[in-house]
Amino acid sequence: MASDYKTDDEILGKAYDAKLMRRLLAYVKPYKGYILAAILLSILVAALGPVRPYLTKIAIDDHITHGNYRGVILVTMLLFATLILQSVIQYFLTYYTQLLGQRTILDLRTQLFRHTQKLAVRFYDKTPIGRLVTRLTNDVESLNELFSSGIIMVFSDVFIIVWILIFMFSMDWELSLVSLSVLPLLIYGTFLFRKKVRETYREVRLHIARLNSYMQEHITGMFVVQIFNKEKAEFKNFSSVNEDHKKANIDSIFYYAVFFPSVEFVSSLAIALIIWYGGGEIVQNKMTLGVLFAFIQFTEMFFRPIRDLSEKYNILQTAMASSERIFKLLDNNTIIEEAENPVIPASLKGEIEFKNVWFAYNGEDHVLKNISFKIEPGQTYAIVGATGAGKTSIINILTRFYDINKGEILLDGINIKDLGKTVINKNIAIVLQDVFLFSGTVEANISMNNENITPEVIRRSAGAVGAAAFIEALPGAYSYMVKERGATLSVGQKQLISFARALAHDPKILILDEATSSVDTETEILIQNAIKKLLTGRTSIVIAHRLSTIQNADKILVLHKGEIKEAGTHQELLANRGIYYKLYQLQYKDQEIGA
Ligand code: CTP
Ligand code: MG
């Protein structure tokens, strides 16, 4: 899956794929009315086009050459009327097609966002964020062009071409053949152009993808780049990626720059042929001047949609590639399944039981092996172990961020797979190693916009965990705007806010992945008191790095390479002189002085 995603931006695909198209068309289905209106309008616009050259012919042949001034005025007024009518219809046409495009992509984007919300953590482990953002922005946007102008304009272009041909042949079939004699040249040119553009299109896409992922990684890691003085080197790398991107674009611009003047040339050639042949006919009195004029206009009208059709081809091609990527994301069902008839108890006591649980992030590569333990309501369990032992993984599976491979996890004796997801989310609060704050006020970050959490509760919780003092010192206090990820707050402050968040939600079960980073003594005391406050009266699992938390735990589980090797109270484990004893000697001993 991961490698699939890597090549996503390089998908070129077919220029037209019936299966994809059918799926895309399903999105415009709700707007059948708009489509019908737009097609009708586009046919009208197309139909009005050849009327003007025809009127020109009548003006010249029937009135100008006969000195009929009134007739000239009449035809001029008719011409003017058709022009106005055409403009009005064009206005509605543009309006409705754009409306159609915008409505459809709104639907699509909504569906995509809903889907990303459902996707499991496992999916996000393997998908670069930048790619996802591209799916929801650029890719969706490129479909807009297809929906708004692409599909319907193709109709009108084809219709115009047919309509002009009918007019031309009914007026003078010989002259029609003369003006169409350049067509093979045009068709060949268009064919060549499409082929070349397709090749360069792939190059451009590839380089955009490279540029994007380079930028994404380096902006995220800017801090590291600066600290290691890597700006110059990284700038050089960036410049070369940027340069390649420019080259690819210039290649593609070259073909456009050649193609459009070529079409212009061929159409002028056709006009020259018409003047040469038609002029001869007029001299011999076999043809009227009006027909010659009309044909010159017909030819110009005829070439425009042909040129546009090759542009439509590019829109189609881009849309096909984008939709392929979008559908791939929509079809990804790395989703944690909700039980068919989920059990939704009114309240939980908070009993947690793991029964022979096995878990792997990948295949059979188990990071947790045969884990069993039972926590009575209100008890505090501490989990200790070396880095990578599987501590965070235990939390990940208890909250169903990931589903386990074997065994059972029970809450109040009910398998969590049978419990409604809302039950799990409502009853378990997690305070993680790295605190995530959203952009918004401090207040909103504590309440998480839960309406049941009143400003009083927010203030009481902040007070209880000892966060009130520093929050009130912030400009605007509780309405202080936290920047994205809480960049303007210190680590300790973020911790305290997240404690207030957990306390305000008053969960039955609390999970705490203690931060390893050390804070100053004053904040440390604050945090220790906050933790004590948080743990009382609820079932808790604490991944502990603080001796104070560990000593007060009802039981300590010692995790080693995914297995529980020892379990007991602090004193029991010390007396045991096993792994915990060694860990304690290494890791916690010196804390006693500070704590
Ligand atoms: N792991 C993984 N995929 C993830 C997360 C973790 O393959 N998405 C692996 C890690 O490489 C590690 C093992 O799972 O080998 C256990 O990871 P974890 O439970 O996060 O370890 P902790 O005990 O929490 O380690 P730390 O003290 O560093 O937080
Ligand atoms: Mg961890």
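The values are calculated or read from the model by the stated rules, or taken from the named source; none is laboratory data. Values in this document were obtained by computation on a predicted structure and should not be read as measured data. Neighbour counts run over all protein chains shown; Cβ positions are idealised from the backbone, glycine included. When the accessible area is computed, the model is the full protein with side chains, heavy atoms only, and any ligands, DNA or RNA have been set aside. Shrake-Rupley method; radii C 1.70, N 1.55, O 1.52, S 1.80 Å.
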> Regarding L206, is this residue under 30 Å from I35 (Cα atoms), in a helix (DSSP H, G or I), out of contact with any strand residue (DSSP E or B) (no Cβ under 8 Å at 6 or more places or on another chain) and at pLDDT below 85?
Replying inline: no
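Kindly indicate whether L437 is of a type in the set (A, V, I, L, M), touching a Gly at 6+ places or on another chain (Cβ under 7 Å) and more than 16 Å from ligand 1 (Cβ to nearest atom).
Details: of a type in the set (A, V, I, L, M): yes; touching a Gly at 6+ places or on another chain (Cβ under 7 Å): yes; more than 16 Å from ligand 1 (Cβ to nearest atom): yes.
So L437 fits the description; yes.
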> Tally time: how many residues in segment 461-474 are part of a helix (DSSP H, G or I) and in contact (Cβ under 8 Å) with a residue 24 or more places away in the chain?
Replying inline: 5
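Results for (1) open to solvent by 80 Å² or more (accessible area, probe 1.4 Å); (2) among the polar types (S, T, N, Q); (3) touching a helix residue (DSSP H, G or I) at 6+ places or on another chain (Cβ under 6 Å), shown as yes or no for each residue.
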residue	(1), (2), (3)
A233	no, no, no
N237	no, yes, no
L273	no, no, yes
T299	no, yes, yes
>> Out of T422, T399, I need the residue that is within 16 Å of ligand 1 (Cβ to nearest atom) and assigned by TED's automatic domain parsing to the domain that holds K565. Which one?
In response: T399
>> Could you check segment 50-62 and list, in sequence order, the residues that are in a helix (DSSP H, G or I) and either touching a Phe, Trp or Tyr at 6+ places or on another chain (Cβ under 8 Å) or of a type in the set (F, W, Y) (or both)?
In response: P53, Y54, T56, K57, I60
> Among (1) of a type in the set (A, V, I, L, M); (2) in contact (Cβ under 8 Å) with a residue 60 or more places away in the chain; (3) open to solvent by 30 Å² or more (accessible area, probe 1.4 Å), where does L24 come up short?
Replying inline: (3)
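Would you confirm whether or not segment 490-512 contains a residue that is open to solvent by 60 Å² or more (accessible area, probe 1.4 Å) and modelled with pLDDT under 75?
no
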>> Quick check on segment 349-361. Is at least one of its residues surrounded by fewer than 15 Cβ atoms within 10 Å (Cβ to Cβ) and without any contact (Cβ under 8 Å) to a residue 12 or more places away in the chain?
In response: no
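Would you confirm whether any residue within segment 332-345 is touching a Lys or Arg at 6+ places or on another chain (Cβ under 7 Å), within 16 Å of ligand 1 (Cβ to nearest atom), modelled with pLDDT under 85 and closer than 28 Å to D17 by Cα?
So far as segment 332-345 goes, yes, one or more of its residues are touching a Lys or Arg at 6+ places or on another chain (Cβ under 7 Å), within 16 Å of ligand 1 (Cβ to nearest atom), modelled with pLDDT under 85 and closer than 28 Å to D17 by Cα.
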> Can you pull out the residues in segment 168-185 that are open to solvent by less than 30 Å² (accessible area, probe 1.4 Å) and more than 18 Å from F293 (Cα to Cα)?
Replying inline: V182
> For residues in segment 367-393 being within 16 Å of ligand 2 (Cβ to nearest atom) and in a strand (DSSP E or B), which is most open to solvent (accessible area, probe 1.4 Å)?
Replying inline: V367
>> Looking for something in contact with a His (Cβ under 6 Å, 6 or more places away or on another chain), modelled with pLDDT of 85 or more and surrounded by 13 or more Cβ atoms within 10 Å (Cβ to Cβ) - is there at least one such residue anywhere in segment 56-73?
In response: yes
> Given the residues I89, I129, which is the only one that is more than 11 Å from the chain's Cα centre (by Cα) and among the hydrophobic types (A, V, I, L, M, F, W, C)?
Replying inline: I89
>> As an exercise: evaluate Q551 against (1) at pLDDT below 90; (2) away from ligand 2 (no atom under 16 Å from the Cβ); (3) not in a helix (DSSP H, G or I) and give the number of the one condition it does not meet.
In response: (3)
> V431: closer than 28 Å to L489 by Cα and within 16 Å of ligand 1 (Cβ to nearest atom), yes or no?
Replying inline: yes
> So which residues in segment 278-297 are free of Cβ contacts under 8 Å to residues at least 24 places away in the same chain and open to solvent by 60 Å² or more (accessible area, probe 1.4 Å), if there are any at all?
Replying inline: V283, Q284, N285, K286
>> Among the residues of segment 509-519, are any within 16 Å of ligand 1 (Cβ to nearest atom) and in contact with a Gly (Cβ under 7 Å, 6 or more places away or on another chain)?
In response: no
>> I'm checking my understanding of the structure. Among residues of segment 475-489 that are open to solvent by 30 Å² or more (accessible area, probe 1.4 Å) and either in contact (Cβ under 8 Å) with a residue 60 or more places away in the chain or closer than 26 Å to E514 by Cβ (or both), which one is farthest from the chain's Cα centre (by Cα)?
In response: Y480
> Do we find a residue being within 16 Å of ligand 1 (Cβ to nearest atom), open to solvent by 20 Å² or more (accessible area, probe 1.4 Å) and among the acidic types (D, E) anywhere in segment 115-130?
Replying inline: yes
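Take Y313 and decide whether it is surrounded by fewer than 21 Cβ atoms within 10 Å (Cβ to Cβ), within 16 Å of ligand 1 (Cβ to nearest atom) and in contact (Cβ under 8 Å) with a residue 24 or more places away in the chain.
In short, no.
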>> Which of the numbered conditions does G150 fail, given that it passes all the others? Conditions: (1) out of contact with any Phe, Trp or Tyr (no Cβ under 6 Å at 6 or more places or on another chain); (2) open to solvent by 50 Å² or more (accessible area, probe 1.4 Å).
In response: (2)
>> Criterion first (in contact (Cβ under 8 Å) with a residue 40 or more places away in the chain, in a loop (DSSP other than H, G, I, E, B) and polar (S, T, N, Q)) does N450 satisfy it?
In response: yes
> When I430 is evaluated against the numbered criteria (1) open to solvent by 30 Å² or more (accessible area, probe 1.4 Å); (2) part of a helix (DSSP H, G or I); (3) within 14 Å of F499 (Cβ to Cβ), which criterion, by number, is the only one it fails?
Replying inline: (2)
